[in-house]
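J.: My questions will all concern the structure given below.
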Amino acid sequence: MVRLLIIWVILSAFGIVAALQLNYPPYDQSIQGQDQASTLKLLTVLATPVFIGVVMMILYAAIYFRRTVPELVDGPPMLGNTPVQIAWVAISAILVLFLAVVGIATLSSENVAQAVGQPGRAIGQSGGQTGSGTAGGSGSELHVQVIAQQWYFTYRYGDYGGVETTHLYLPLDRPVELHVTSLDIIHSFWAYELGVKADANPGVDNIFHVTPQKTGSFQVRCAELCGLWHGHMADSSGQVVSQSDFDTWIAGQQADFNTIGKVVPSYAPYYFPEPKLKAG
């Protein structure tokens, strides 16, 4: 037991150091993604000694307690081991209580408080204009409606007159409130690098918050089997850009949208047009 304990401590130390060196998905392009990566790292560090201990006991039992005679006979009965049982329960209780404290602290954090605050607020009520001009500043929350349909996503910017685009552009370091819905069947909006995954259901406004903190591209995929061309429902041209670049881009989108906006249903928090409009 002493030899096993020494080996377990050494291997656990190496395993924890290795686990701390890894980069965990969905990485750090957004604050929410970084939080998820930190949680995954914590769980991996805690699970590493447990995993090593279980594997060691399996290997030890397979080597030293294997059957040496051809006859199948029962081993000697075991009535329990009080010190091992106490240690097992105590260590498990400490791990569970520690994770409970971490979970409570996370739920009470500023990021989560922002995500659950003001659930009934409509899109476009963030303090900016909802007309065709520039809305909000770099510190105001940006509202974007994510519209899933067979078989692509479009995005409507409620703070910018409801302009609808085929690519998702987000400004750096600006909180974003995503309103995810669907025009036809159930889809799932999955922006992996941003740490965002939300169901897209017809007639439902599913709200998700994200704050990008690194510029660069990201991919959007549908993560719900939605029909024949589900595998092609992906957009690799999502971008996190600076606020100035975003202002330039959205101004160009508004200019292009002036014409097609006349035949697109007017902007509303619940975007569910009639079938004849959906069919063109």
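Please treat every number below as a calculation from the coordinates, not as lab data. A quick note: this is a predicted structure, and the numbers were derived from the prediction, not measured. Reconstructed Cβ throughout: ideal geometry from the backbone, glycine too, with neighbour counts over all protein chains shown.
J.: Rank-order 198-205, 20-27 by packing density, defined as the average count of other C-beta atoms within 10 Å over each peptide's residues, highest first. List each step's numbers first, then the result.
T.: Numbers: 198-205: 16.9, 20-27: 12.9.
Top of the packing list down: 198-205, 20-27.
J.: Follow-up. Could you please state, rounded to a whole Å, how far the C-alpha centre of segment 148-170 is from the C-alpha centre of segment 177-208?
T.: Spelled out, the Cα-based centre of one part sits 12 Å from the other.
J.: DSSP loop trypsin sites (Lys or Arg not before Pro) in segment 1-91 with at most 13 other Cβ atoms within 10 Å of their Cβ, which ones?
T.: Sparse-neighbourhood loop trypsin sites (Lys or Arg not before Pro): Arg66, Arg67.
J.: What is the distance in Å between the Cα centroid of segment 223-241 and that of segment 29-96?
T.: Here the answer is 40 Å between Cα centres.
J.: Within segment 161-266, list the trypsin sites (Lys or Arg not before Pro) lying in a DSSP loop whose Cβ has at most 11 other Cβ atoms in a 10 Å radius.
T.: Working: sites: Lys197, Lys214, Arg221, Lys262; in loops: Lys214, Lys262.
Passing both the DSSP loop test and the Cβ count: Lys262.
J.: Then there is this: Return the FRET efficiency for the residue pair Ala87, Ser108: r is the Cβ-Cβ distance, R0 is 30 Å, and the value is rounded to the nearest 0.05.
T.: Details: r = 32 Å, r/R0 = 1.07.
So the FRET efficiency works out to roughly 0.40.
J.: Same structure again: Which percent of the Cα-Cα distances in segment 142-278 go past 21 Å?
T.: Result for the distance tail: 37 percent.
J.: Another question about this same structure. Report D for segment 13-105 in µm² per second (integer): Stokes-Einstein, Kirkwood Rh on Cα pairs, 20 °C, 1.002 mPa s.
T.: 128 µm²/s
J.: Rank the residues His187, His167 as a footprinting-exposure proxy: fewest other Cβ atoms within 10 Å of their Cβ go first.
T.: Working: His187 31, His167 15.
Neighbour counts put them in this order, fewest first: His167, His187.
J.: Contour minus end-to-end for Ala223 and Arg3, with contour as 0.36 nm per residue of separation and end-to-end as the Cα-Cα distance?
T.: 74.4 nm
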